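Presented below is the structure to which this report refers.
The values are calculated or read from the model by the stated rules, or taken from the named source; none is laboratory data. Note that the structure is predicted; figures quoted are calculated from it, not measured. Here the Cβ is made from the backbone with ideal geometry for all residues, glycine too, and neighbour counts use every protein chain on show. Just the protein is used for accessible areas: all its heavy atoms, side chains included, with ligands, DNA and RNA removed. Shrake-Rupley method; radii C 1.70, N 1.55, O 1.52, S 1.80 Å.
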Amino acid sequence: MPGRASTRTPRASGAAVPRKSSTQPPKSRGSASARASAYAVEIPDEGPNTVLREHVCAVFADAQRGPASQRKLVVTLRKLQEICCYEPAEPRKQQQQLDREYDEVDFNAEVCRCVLRTLTVKKSEPVGDRLVKFLGLFLKNASEKDNAIFANPDADTTDAFPETPTSRLTSEILSQALQVITAKDKVVRYRVTQIVAHIVNTLDSIDDELFQFVRLALMKRLRDKESIVRVQAVLGLGRLADENEDDQDNDDSDDDAGGVLDRLREALQHDPSADVRRALLLNLPFTPGTLPYLLERARDLDAATRRALYSRLLPALGDFRHLSLTHREKLLRWGMRDRDENVRKATARLFRERWIEDCAASHQTEGEEEEQEKAQQKSHEPNLDALLELLERIDVVNSGVEGGIAHEAMKEFWDGRPDYRDYISFEDPFFDTLTPESAFVARTFNQYCRQSKEVKLQSMLEDKMPEVTKFAFLLQRHLEALIKGVEKVALDPEDAEAEEETVQQEFCVEQMLHIALTLDYSDEMGRRKMFSIMRETLALAELPEECTRLIVEILRTVCADEQEFCSIVLEAVAEVHDTIMGDAGEKEAEDVDESFHSARSEQTDSTPTKASKRPQTATSETSQDDEDKAIREIMVNMKCLHIAQCMLQNVQCDLERNVHLVTMLNNLVVPAVRSQEAPIRERGLCCLGLCCMLSKNLANENLTLFLHCFSKGHEALQVIAIQIITDILTTQPSLLAPPPSTEEEETELPNPLLKPIYKMYSRGLRSEETQVQTTACTALSKLMLASTIRDPDLLKQLVLAYFDPETRSNPSLRQSLTYFLPVYCHSRRANAVSMARVAVPIMRALAERADDLDEEEEMVGMSMVAAQIADWTDPRKEAGFGEGKDSGAEDGHLVLAEELLEKVLTPGCTKEERKIFVTLLGKLHVNVNAPAEALQTIADLVNEAFEGKVASEVSTRNALTKLQNTVAKLLTASTGTSKEQSRDASFEEAPGAPPSDEMDVDEDMTVMTKFTQLPDAEGTVYGSGDDEDDDATVVGKTKGDESLVSDLLDDDSIL
């Protein structure tokens, strides 16, 4: 770093009149020079340049060039320090000069002088970071050498570090830095905090008294308004944090918070800067008190912070098995399903590279460990036991269900570990002794290879998996074990061990059934064997419901057609019914026989007491039998209805042409719907809804029934009714078509089903039950996206529900609307126009809702609502914009402008509403291809607004003026185009038409509007061409992906 120029007074010039300096700025910049001199700071006199200063400055100047030569410069600066602080053994000429003239104080002063010169270097300049790194490198090197010189071999390890020249230099640097750490300039605060933090992280020890000042200063910088300063404070306090620190150490602090660790944990949770949270994530110590706060960052708003957790923190944490099962499952689920692709990739690498290696290390033998140490491999050899342990550690029985996170984790595992794909083998012992983990390995490997398009993986799967016939026998064996386990649990429900084994066996069977769904049944013997096993198993009453569903799907795969499939399933339903009711009949016959024998014995008994008590006992037994019979009937109906529901989910034929389905409908489904038992009635409604999807006539006849179930049913029944009606309308949209009109009827009558269906969705959106509200919102969104329902009132209710503060407690509802509303408006122009039609009533209703809010409730401002509506109706964001589609039709912003102007001109519009509406007008985009009639209408409305003086403020007047100029230019352009077209057409006159010179043409008859130019009280002329620049218009200028939300938010908040 160059030294300061000499301050000695130069000799006076021989000229009598002083000359003007050649560097004096011209008079035109005199004001800037005056401003610069006003903020100038007088630098104190530092004395003349010295040899020591030149050497130290040269070292710091060279250190700015890069890290390549910094180690050499550290040695050079260390030599200068030794010359000034120590007596050299062999003095040289230069060393003698420096040693004779300068001492340790001079050296420390020159180093501090250079350090202070770095404080004004901005963060964007890399030389500042290089100098700070060089300073830390020098202090560390010099401290190590000083400690080696002053080390006492007889001293105890607990003794304090000796005072050395480097420690005194460090103390002086820190003392001077702490004096300016609270400077007003953010650059100075940033560099000072960076230097202090770097010294704290570099050196092993500093002075005890200075340590407290450093700690307190860094804690105060945690509240700095600049995030770059807070980041450096975090880097420094990360090493000073102690789990067992006393809160009393902060008595001198201005805040009432606890110690350093408490402050850092609080900043980790609540600091608004993502850089600060990320720095805390990577610098906080791993302790039981900080670990939950660190793992919380898996749900951080910043994607880079979440990625840092999975890519840096968790790998450095050590063995993942030290985490609890809940933490492991949550971290895996949050990471695999993160919205950011880089976070998902980091989580996948963590699972398949770190977690599997932790398990493989514990399953490695001593010989393998020695071989690995010699080979210095980064990963262990593939190990099946390690993979099974990994799945056990994430609780695959619960996380491996349909939709569980274990499926996504294993997909990424097979994709990133080809060594395990080659290593895995499914030989005979594998399927003989299945565990939930091994069954899940086979299922996921089969699924990954089947879904892959690579021929190599397909052939690998064919080689590893058993053939269909052998797999059918293996499946039959495990099904028999499952049935035995279910019967054992039924006999002894309190046996926890048997219940757990049955649950695991059920999971294994489910995985094998999933594999059976993907097998190739071109082998006829294998297909027949699988068919017979599935047919026999389906008739078992003890079969769990999930296994029943999978078996029905397999039967649909192996059956030739739907007629055969339906007949097989209904035969199984009859067998299940006969099995359960047959056992009940035998038990009733035994009870009758026993009662008969007891009656005969009572006839010979002469004891009157027993004879008198018998009728009461018989009555209690009869009531118990009736209760057991009712329970058995419920079980039979629920089992049969479940099988029927699974069958209906796998057929697509016309119900009226399938006699088996008609029989099932009349004998099973209809009685279930009429049942008095709620579970049977709900499942019967589900089956009836599936039948209605296969028959339009049946759906038309039963829509009234489903509407009645919604209006009179409880929460669960209402949800089922909404789902059924939505599915029916999705598959049969013609049910809402208007009835055919006769010749006598001039007007088309609406469909009588529309009103009750609209009422159902409206009631569902206003329901107090969260599940009903969410289901109605999701169902209505699907129908509106498909254009099955186009009711503007329902659209208005959806938008109101999106902004209503009462729906804050229903995040699933808001998430559905967050996706639906922009997709609905941007998918079709007609949808955007519908949104524009209801925009004004929506904003008025929300303004009234905001006025009625309680003090505790919060709601988004009307400026945000207006910005959101403008963004939804923006024609530039429509699908196919710029491709010529609907070029001559009205778009969302054009209709919205017309609606807003009409509302502004009504007498009932308040001043606040008028300000919101007019401000929104200035942010709308008017398309160059807009129809002339619509532009003329808007021009007339703007003219009327100026005449009525509805814009009383400057901002609103500017908004109206901007819209006026835009529409005027478009009208002028359209008028010029029409004239050119008429002029071109006049050269080609049709036969029989009069000559052009005889045609009566009025040149003044154009669609141009005469805008009024009435000055207001301040003399402002409206509609004048000089009111604003041409750049203020948005005609023909399309902003690529820029949203109007940001533009509108720049305005002042209205409410």
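Each Lys and Arg contributes +1 and each Asp and Glu -1, all at the Cβ; summed about the Cα centre of the range 438-515, the dipole is approximately 760 debye.
Give me the net charge of LEU655's neighbourhood, meaning all other residues with Cβ under 14 Å from the Cβ of LEU655; Lys, Arg count +1, Asp, Glu -1. Around LEU655, the surrounding residues sum to -2. Full extension of the chain segment joining THR770 with SER227 gains 191.4 nm, where the gain is 0.36 nm per residue of separation less the Cα-Cα distance.
Between LYS79 and GLU501, the contour length at 0.36 nm per residue exceeds the alpha carbon distance by 144.4 nm. A Förster distance of 45 Å, applied to the separation of the beta-carbon atoms of ARG808 and PHE211, puts the FRET efficiency at 0.45.
Ordering VAL187, ILE206, GLN176 by Cα displacement along the dipole of the range 160-223 toward the positive end leaves VAL187 in first place; charges were set at the Cβ atoms of Lys, Arg (+1) and Asp, Glu (-1).
Going by accessible surface with a 1.4 Å probe and the largest first, HIS826, HIS708 read HIS708, HIS826.
Past the 22 Å Cα-Cα mark, which pairs from LYS133/LYS184; LYS712/LYS796; LYS123/LYS225; LYS345/LYS456; LYS140/LYS225; LYS72/LYS122? With Cα atoms farther than 22 Å apart: LYS133/LYS184; LYS712/LYS796; LYS345/LYS456; LYS140/LYS225; LYS72/LYS122.
Remark: the THR326-ASN141 segment gains 62.0 nm on full extension, using 0.36 nm per residue and subtracting the alpha carbon distance. Rolling a 1.4 Å probe across all protein chains gives TYR521 an accessible area of roughly 30 Å². Put simply, the amide H of ILE789, placed in the peptide plane, has neighbours under 5 Å in MET784, leaving out anything fewer than 5 places away on its chain.
Applying 1/(1 + (r/R0)^6) with R0 = 25 Å to the Cβ-Cβ distance of ASP523 and SER459 gives a FRET efficiency near 0.90.
Once the Cβ-Cβ distance of SER711 and THR910 is raised to the sixth power relative to R0 = 45 Å, the FRET efficiency obtained is 0.70.
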